[in-house]
Amino acid sequence: MRLNSLFFTVLIATGVTVCAHAQTSTGFVSYTQSIPGSNQTYAMVAIPGGTFLMGSPATEKGRNPDEGPQHEVKIEPFYMGKYEVTWDLYDLFAFTNMEKEMAEKYKSTDANLSKTDATTRPSPPYVDMSFGMGRAGYPAINMTQYAAIKFCAWLYAKTGVFYRLPTEAEWEYACRAGTTTAYSFGDDVKKIDEYAVYVSSSGGAYKPVGGKKPNPFGLYDMHGNVMEWTQDQYIDDYYKQVASGTVKEAYAPTTTLYPNSVRGGSWDDGPEVLRSAARTPSAPAWKMLDPQSPKSDWWLTSASFVGFRIIRPANPPGEADIKAYYDIKPIKDY
C-alpha cells in the first residue's frame, strides 16, 4: 500500500491542537461490516497511520507514574470500531442457538454456520451479564480478554476478515486522534459531559453506544461508558522499558492472567480515569462473585464496567499469524 504524508490541521472549532504526523492512502476509507446470516452490522472507521507521543506529560492533572515517560510510537494504518461491541452482536457469538435462529430469518447470504460451528464459545453464564442495565444497543460487558479474542475468531470465521483487539498504543493513538491534550476534546474537564458517560452522569449504569459526541476521528465512547480491553499485558513500568530500549515490542504480550490493560474509563469512573493516557490493570476482584468452580475463562461477574471494541489492520497478517492469534489457550487462575 502506497502511503502519502500529511499533517493534521488545527481543530479551531473544538480548540484542540492536533499535531501528530499522520498518513493516509487512496482507497483507505471507513466502511460497515455486514454480519452474514443476520441483520447486524459493525461500522469501522479508517484510522490513518502515523507517529505520536504515547503517555502523558508530568504536568497533566490526574497523571499516574505508569503513563511515563512519554515516548514516540509509530502506528500503521488500521480500521477501528466506531462503537463499542454491543450485546446485539456479541450474543450471536455467545449463544449458538441465537446465531442459528437469526440465520433462519436472514437467508440472503451464507451465514457460514459450518465455519463458526467449530468456534470455541463462552460457557453459559449463571446470571444475566447485563445485570438489567440494558441489552439492545448497549455495550456488551463482563467478558474476559480471552472471550474478546475468541469473539474476534468467531467474527473471522463469519466474515473472512481478520479482526483483533487493539494494542495499548493503537488504542491511545485512536483515542487521541491527533491531540496532545488530556482528553480528545481538550484539557477542559467541564466539557466531559458532552463526550463521556462517567460516574457523575451515568446514573449508576452504562448507556447505549454513541450517545455522546465523537472524538476527532469519529469514534464514540472512547472516553467512558465502558472500559475497553487491549491486547497488552499491563506492566506498570513498560514505558520506561521502551524508552530505555530494554523492550522493543509494539505491545506487551500476555503471559499471565493478571493484570491486563484496559483503557478509556467507564460509567463508574471519575474524569481522571477517562483521560487518553490513563491505564487501568485488570484484577482478580473482577471475578469475585463468580459462582463457578473452577472460575470461568469467559466471564467477569464483577466487571460490569468492562467491554471492548475491535480493530482491523490495513495490512493484515498472514494465515499462520492469524491462526496463532486466535488459537490462544486460556490462562488459568486456579
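Yes or no: T246 of a type in the set (S, T, Y) and surrounded by fewer than 21 Cβ atoms within 10 Å (Cβ to Cβ)?
Criteria met by T246.
Based on this model, can you work out whether V189 counts as among the aliphatic types (A, V, I, L, M), farther than 30 Å from D290 by Cα, surrounded by fewer than 24 Cβ atoms within 10 Å (Cβ to Cβ) and out of contact with any Phe, Trp or Tyr (no Cβ under 8 Å at 6 or more places or on another chain)?
No: the conditions fail for V189.
N97: of a type outside the set (G, A, S), open to solvent by less than 40 Å² (accessible area, probe 1.4 Å) and over 24 Å from the mean Cα position of the chain (by Cα), yes or no?
no
Suppose we filter E60, E76, E67, E84 for residues that are modelled with pLDDT of 95 or more, under 30 Å from W298 (Cβ atoms), surrounded by 13 or more Cβ atoms within 10 Å (Cβ to Cβ) and of a type in the set (D, E, K, R); which single one remains?
E84
Is it true that Y163 is open to solvent by 10 Å² or more (accessible area, probe 1.4 Å) and aromatic (F, W, Y)?
So Y163 fails the test.
Just give me the residues in the range 146-200 being of a type in the set (D, E, K, R) and farther than 18 Å from E84 by Cα, in sequence order.
Those that are of a type in the set (D, E, K, R) and farther than 18 Å from E84 by Cα: K158, D187, D188, K190, K191, D193.
Would you point out which residue out of Y198, Y239 is surrounded by 18 or more Cβ atoms within 10 Å (Cβ to Cβ), of a type outside the set (D, E, K, R) and closer than 30 Å to D327 by Cα?
Checking each option against the conditions leaves just Y239.
Give me the pairs: first residue in the range 136-147 and in contact (Cβ under 8 Å) with a residue 24 or more places away in the chain, second residue buried (at least 24 other Cβ atoms within 10 Å of the Cβ) and of a type in the set (G, A, S), beta-carbon distance under 8 Å, and six or more apart or on different chains, which are they?
Listed by first residue and then by second, the contacts come to P139/G307; A140/G307; I141/A303; I141/G307; N142/A303; M143/G307.
From K158, K212, grab the single residue that is open to solvent by less than 20 Å² (accessible area, probe 1.4 Å), among the charged types (D, E, K, R) and touching a helix residue (DSSP H, G or I) at 6+ places or on another chain (Cβ under 6 Å).
After ruling out the rest, the residue left standing is K158.
Only residues in the range 68-81 that are touching a residue at least 40 places away in the same chain (Cβ under 8 Å) count as the first member; pair them with residues that are of a type in the set (A, V, I, L, M) and outside any strand (DSSP E or B), Cβ under 6 angstrom, at least 6 apart or cross-chain, and list the lot.
Here the result reads P69/A243; H71/V242; H71/A243; V73/A169; P77/A314; F78/A314; M80/A174; G81/I310, each pair linking the range 68-81 to a residue that is of a type in the set (A, V, I, L, M) and outside any strand (DSSP E or B).
Filter the range 120-135 for residues that are modelled with pLDDT under 95 and among the hydroxyl-bearing types (S, T, Y) and give the result.
T120, S123, Y126
So if I check each of V262, V306, which one is under 29 Å from K61 (Cα atoms), touching a Ser or Thr at 6+ places or on another chain (Cβ under 6 Å) and open to solvent by less than 40 Å² (accessible area, probe 1.4 Å)?
Criteria check complete, one pass: V262.
The values are calculated or read from the model by the stated rules, or taken from the named source; none is laboratory data. All figures in this text were calculated on a predicted structure; none of them were measured in a lab. We place every Cβ from the backbone using ideal geometry, glycine too, and count neighbours over all the protein chains shown. Remember, those area values only see protein heavy atoms, side chains included, never the ligands or the DNA or RNA. Shrake-Rupley method; radii C 1.70, N 1.55, O 1.52, S 1.80 Å.
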